[in-house]
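Q: Sharing a structure with you now.
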Amino acid sequence: MSWLRDFVDVREPAAELAQLLSMRGFEPGAIEGAPPGPLAPEGRHGARPRHDTAASDPSDDGVIDFEITANRPDCMNVLGIAREVSTAYGRPLAHPPAAARQTESSTAAPLAVTIEDPDLCPRYAAAVAEVTVGQSPAWLANRLLAAGVRPINTIVDVTNYVMIELGQPMHAFDLDKLEGRELRIRRARGGERLRTLDGEDRALTADMLVIADATRPQAIGGVMGGRESEVGHATRRIAFESAYFTPSSVRRTSKRLGLKTEASARFERGADIGAPVWALERACALMEAIGAGRVVGEVIDRYPAPRPPTRVRFRERVIERHLGQRVDRTEAARILRQLGFTLEDAADGWEVVVPSFRVDVTREIDLVEEVARHAGYDRLPATFPVLRAVPRPSDPRIDADRLVRRILTGAGFAEAVTFAFIESQAASAFAPAGEIVAIAHPLSEKFAVLRPSLLPGLIESVGYNRRREQRTVRLFEIGRRFRASAGETRTVGLAWSGAGSAEHWSAKPRDVDFFDLKGVVDRLCGSFRLKPSFVRFPQDAEGARYLVAGRSARIEAPDGVVLGVVGQLAPPVAETRDLPRGDDVFVAELDLDALAAATPRADVRVEPLPRFPSIARDISVLVDERLPAGRVRATILAVAPATLERVQEFDRYRGRGIPDDKTSLSLRLTFRATDRTLTDAEIEQAMAVIVFALEREHRAVRR
Amino acid sequence: MPHSVDPLRSAFADELQRVSSERELRALRDRYLGRKGGVVATLMKQIAAAPSGDRRLLGQLANEFKTDVERALAERQQALQDRLEPVEAVDITLPGRPIAQGRRHPLVILRDRLEDIFAELGYAVVEGPEIEDEYHNFEALNIAPDHPARDMQDTLYLNAPIDSRRGTAPPSERTRPQVDRAATLLRTHTSGMQIRYMEAHEPPIRIIAPGRVYRRDNLDLTHTPMFHQVEGLVVDESITMADLKGTLTHLLRELFGPDARALFRPTFFPYTEPSADVFVSCHACHGSGCPVCKRTGWLEILGCGMVHPAVFEAVGYDPERFGGFAFGIGIERLAMLKYGVDDIRMFYENDLRFLEQFPH
Ligand SMILES: [Zn+2]
């Protein structure tokens, strides 16, 4: 904090200062040497892009770390924070320590500097000094330590000090190690290498900017210097570098090399193109003040295409338009002036000249934000937007999903949420290889591909519960599955393992079977006003890959559209998902959009209630044991009179008294006419026709 | 003047004989033991008026009569009840037959709650694709090509682009062509729905867009590679930051109770300006500081801001004419705070012992 006081008068305790800046967009982290502040929230679950931490405000009497958002590189230093503090308190900001040097010289510096690539390096300043490298004085070393920087020697410390104070990263070369006493700012050439200060030998590529001497690279521009020209205790003459490097270039190089430094962090967010010479003079003055060296010759400044400052028109009325409250004109102007903006009065507001360090300010709204930050969000009123038009309808899928949830929770299923990515081995049974969508750089093998079905995740959750003493597990999930050809599909998945009936002392427990889950599917489709058909798969059909043949079905809408599948999970698939051996799991997956599309659009029309009594007849027939009940039913429906209201299978029996290849099927047929009471004669005639048809079609024998 | 209670006794015995239901028994009790006009009460009154010589004996007889009536009534009552017990009584202490009842997932319970709160304010609830293109996820949201969020380190990209829009394209009411490209990534936020909805609709707009989002984060106590967000967007001619404050303060009071306070702190998002992090006063300590809020008194709940003019420009809205606000809420974080869950992974393990703690 004493460093901060070089620039602005602060008597308030660290905690209060942290609170002040927090309410202006600088999230305080740890405060050392002071009690924790009242507002240091942490641990957001990455709802938005992460910010970067920058140390600032080091001192001998307390240190506050602030997280600096990506748009504010100008505050990754003490001066930038001081500027915010001075604006917040309305106190003057001291000019940075005078850059007046003790030695003036009109002779040229003994160093040639050439920018060969002004796109990647628009400005490069340098100065030469004769030095005696030693230990920095304690006050300087302590400030560096407080900022988290290890003191090394006077020259390196001066460059670091200036970076932390003013935000301008600097570098120092051992001049006598530079061949030809020159610096060429150019792209690396094919095959060039550099041993950087951290001792790594790095291969350079043509899109990387290097600072080279006459023959070879001596530093990677804006990222790190080279070992060979490192300043050490034997160094007699140095060249200070103070430059502006293009942010995207530094970012790319730093990423490519996997090398993040304090310098690259500042350059890649955008340093101050106006700062290099001024910061260099500050460094020279500091070096001379601590007796570490003496500048030789003039400061070199290569700036081939000086950039004009950004100018923004700022209309006073837009403040109220965006904030919903007026901010006093003089207060708005004071805030901007203290933040370093130059204001010229205009008819409807101001013509604002943006200082070169505010790389984030390019348009009017940026200035509104500056005023809002310092006027205080807490001063804004709380109002409600006026509703000017009839609200638009919600996505109908939202309501459909809620209906599915109501039905399935009512049927005893708990809702699961599983990850959308799974192991590729787990996915392989659920879709052909060409349909599986892989992730380019997965976090791990467990998250390698997008799920082609909701079932693998659900089955894993069933296993998780089974291994934790849960006998009966009923789960469902509503979510998306992903396939290369179909893209993204919204489906509901179901899994049921364990008991089929409620466990109760009054009855023997029964294991879940196909008909339990078929009943749930029927109920679900019924709530969408659909009566689905259950159709046997062709051998090569998709569901056949993971369901037990003969205990699985494709679910079809009345018009033949496939809604999904239902059946018993094939034991080999179950085992690969870590299910206990011998656990039968029944699963189903339905396409929610297909379900909704097949739903009748028309309103329900009530049918009149029956006015005449019904007559029921039971019939038991012996049929081939492989004959599906559905075909028996179809035969009956085909020949029965219109008065047949309902066919209900009520028993299916094999065993004593039944030949081995036969089964006894019992059905209850209910007849009713809408206009009269049916006579026994009518029913007997209908039954005779039905029995005859069953004998003819299925060689059925009436019992 | 009575000298004996015997006639009363025999009358009572006769009447008791004829009682065949509990209702009749109650009537009989009232007639004999009723405080006002009951046979016993009347008798006592008469005794009180009798010559003092007879009073003691008569009082004794009357009291005996009263006790006998009471006992007889009680016996009769029991007999009537016993007669009601059927021969095959059930053991009513055995457990009832359970009705299987599933549960909504806690994240869904909260999502539904958020949908309901905003539906009441006239917001439409919309959904969008989870696999997205870079245009909708980044570019149109003013997120520069070299922004760190677009890095392979943070975003999950697909191995090969796929067409995500099959059947999910929203109906458009605008003639302006919608930008449609093959999906190359898993959306990192629901903010892309701002773009998709504005491409297809004219202002005024009020929507929320709930859904799953993905980040390249490893699983730990507070991070997962997949989580849930609810995005909000309001666009109209005179939307202000004060409207944003009013709306979100209402939301926090709906979620955390009428005493909840909201704090708006400046921050940075590329697609809103000005932007704010929103905090709610800690519901555990009411702002005085506790372990839940890490002694700050505040809990960070969501991010929000005024729609950046560059976003309006991307969808062809005139930023001079329209203003808007947007917000994004992380449902997991909200659920952890509201339900006291300290390990985010519990939401994805689907342990029935966890899920069944949520009552509906
Ligand atoms: Zn608290």
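The values are calculated or read from the model by the stated rules, or taken from the named source; none is laboratory data. Every value quoted in this text rests on a predicted model; they were computed, and no experiment measured them. Here the Cβ is made from the backbone with ideal geometry for all residues, glycine too, and neighbour counts use every protein chain on show. The accessibility values were calculated without ligands, DNA or RNA, using every heavy atom of the protein model including side chains. Shrake-Rupley method; radii C 1.70, N 1.55, O 1.52, S 1.80 Å.
Q: For helix A:154-166, report the angle its Cα long axis makes with the longest principal axis of the Cα atoms of chain A; keep it between 0 and 90° and round to the nearest 10°.
A: So the helix axis and the longest Cα principal axis differ by about 60 degrees.
Q: Which whole-Hz ³J(HN,Hα) couplings does segment A:605-613 yield from phi under the Karplus relation 6.51 cos²θ - 1.76 cosθ + 1.60, θ = phi - 60°, glycine and proline marked x?
A: Result, ordered by residue: 10, 6, 8, x, 6, x, 9, 10, x Hz.
Q: If you don't mind, there's one more thing I want to ask. With charges only on Cβ, +1 for K and R and -1 for D and E, what is the dipole size of the protein assembly as shown about its Cα centre, in debye, rounded to 20? Please list the in-between numbers first.
A: Working: 141 positive and 152 negative charges, 572 e Å.
Charge dipole, the protein assembly as shown, about its Cα centre: 2740 debye, nearest 20.
Q: Per-residue ellipticity at 222 nm for chain B, helices alone: DSSP H runs ≥ 4 residues times -39500 (n - 2.57), over residue total, nearest 500 deg cm²/dmol?
A: Computed ellipticity for chain B at 222 nm equals -11500 deg cm²/dmol.
Q: So, by mean Cβ neighbours within 10 angstrom, what's the order for A:410-419, A:132-141, A:242-251 with the highest one leading?
A: Averaged packing, sorted descending, gives the order A:242-251, A:410-419, A:132-141.
Q: Another one. Using 0.36 nm per residue of separation minus the Cα-Cα distance, give me the extension gain between residue A:315 and residue A:680 in nm, one decimal. Let's see the in-between values first.
A: Details: separation 365, 0.36 × 365 = 131.40 nm, distance 9.32 nm.
Full extension from residue A:315 to residue A:680 adds 122.1 nm.
Q: Given a 1.4 Å probe, show me the residues in segment A:317-334 buried by at least 40 Å² of accessible surface when comparing the whole protein assembly to the chain alone.
A: A:321, A:322
Q: Right, something else. Computed FRET efficiency, Cβ-Cβ of residue A:181 and residue A:342, R0 35 Å: what is it to the nearest 0.05?
A: Efficiency computed from Cβ-Cβ geometry: 0.30.
Q: Between residue B:11 and residue A:12, what is the label-point separation in nm under the 7 Å Cα-to-beta-carbon projection?
A: Reported label-point gap for residue A:12 and residue B:11 is 9.5 nm.
Q: In addition: To the nearest 0.05, how large is the calculated FRET efficiency for residue B:154 and residue A:637 if R₀ is 35 Å and r is the Cβ-Cβ distance?
A: My answer for the efficiency is 0.05.
Q: Continuing with this model, one more query. Quote the total accessible area buried by chains B and A together, excluding ligands, DNA and RNA, probe 1.4 Å, nearest 100 Å².
A: 9600
Q: Okay, moving on. Given 37 °C and 0.692 mPa s, compute D for the protein assembly as shown with the Stokes-Einstein relation, Rh being the Kirkwood radius over Cα pairs; round to the nearest whole µm²/s. It would help to have the intermediate numbers written out before the result.
A: Numbers: Rh = 35.7 Å.
It diffuses with D of about 92 µm²/s by this estimate.
Q: Order the following by accessible area, largest value first: A:198, A:378. Probe radius 1.4 Å; ligands, DNA and RNA are ignored.
A: Reading off the accessible areas and sorting them downward yields A:378, A:198.
Q: Determine the gain in length on full extension of the stretch residue B:101-residue B:357; use 0.36 nm per residue of separation and subtract their C-alpha separation, reporting nm with one decimal.
A: Residue separation times 0.36 nm, minus the Cα-Cα distance, leaves 90.9 nm.
Q: Measure out, as a whole number of angstrom, how far apart the alpha-carbon centroids of segment A:305-355 and segment B:244-302 sit.
A: 30
Q: Between residue B:80 and residue A:503, what is the FRET efficiency for a Förster distance of 51 Å, r being their Cβ-Cβ separation, to the nearest 0.05?
A: It comes to 0.85.
Q: What lysines sit close enough to residue B:66 to cross-link, taking a C-alpha to C-alpha distance under 22 Å and skipping anything fewer than 8 places away on the same chain?
A: Straight-line reach from residue B:66, under 22 Å: B:36, B:45.
Q: Sticking with this structure for a sec: Using 0.36 nm per residue, how much length does the chain from residue A:562 to residue A:602 gain when fully extended, once their Cα-Cα distance is taken away?
A: 12.2 nm
Q: Hey, got the average number of other protein chain Cβ atoms within 10 angstrom for residues in B:227-235?
A: 1
Q: Applying a 10 Å radius around every beta-carbon, put A:521-530, B:127-136, B:14-23, B:259-268 in order of their mean neighbour count, most first.
A: Working: A:521-530: 18.0, B:127-136: 22.6, B:14-23: 11.8, B:259-268: 20.7.
Top to bottom by mean Cβ count within 10 Å: B:127-136, B:259-268, A:521-530, B:14-23.
Q: Let me ask you something else. Calculate the length of the line joining the C-alpha centroid of segment A:209-260 to that of segment A:580-596, in whole Å.
A: 60
Q: HN-Hα J couplings of segment A:622-627 from phi, Karplus 6.51/-1.76/1.60, θ = phi - 60°, integer Hz, Gly and Pro as x?
A: Listing the rounded values in order: 8, 10, 4, 5, 8, 6 Hz.
Q: What residues qualify as long-range amide H neighbours of residue B:226, i.e. H under 5 Å apart, gap of 5 or more or another chain, H built at 1.01 Å from N?
A: Those lying under 5 Å, H to H, from residue B:226 are B:215.
Q: Something else about it: Return the average number of partner chain Cβ atoms within 10 angstrom of each residue Cβ along peptide A:462-470.
A: That works out to 2 on average.
Q: Right, something else. Over segment A:615-702, what relative contact order in percent results from Cα pairs under 8 Å that are six or more residues apart?
A: Working: 125 pairs, mean separation 38.5, N = 88.
Computed over segment A:615-702, the figure is 44 percent.
Q: In whole Å, how far is the Cα centre of segment A:406-446 from that of segment A:527-579?
A: Computed from Cα coordinates, the inter-centre distance equals 17 Å.
Q: Separate question: So what is Rg over Rh here for segment A:396-598, counting just Cα atoms and using Kirkwood for Rh?
A: Here the Rg-to-Rh quotient is 0.95.
Q: Now a separate question. In square angstrom, what is the accessible area per residue of the protein assembly as shown with a 1.4 angstrom probe?
A: In whole numbers, the protein assembly as shown has 44 Å² accessible per residue.
Q: Here's a follow-up. Give me a single rounded figure for B:116-125: the average over its residues of other chain Cβ atoms within 10 Å of their Cβ.
A: For peptide B:116-125, the averaged partner shielding equals 3.
Q: A follow-up question, please. For chain B, with all protein chains present and a 1.4 Å probe, just round the carbon and sulfur fraction of the accessible area to a whole percent.
A: That share works out to 51 percent.
Q: How large is the helix-only mean residue ellipticity at 222 nm for chain A, computed as the sum of -39500 (n - 2.57) over DSSP H runs with n ≥ 4, divided by its residue count, in deg cm²/dmol to the nearest 500?
A: Numbers: 19 runs with 198 residues, N = 703.
Rounded to the nearest 500, it is -8500 deg cm²/dmol.
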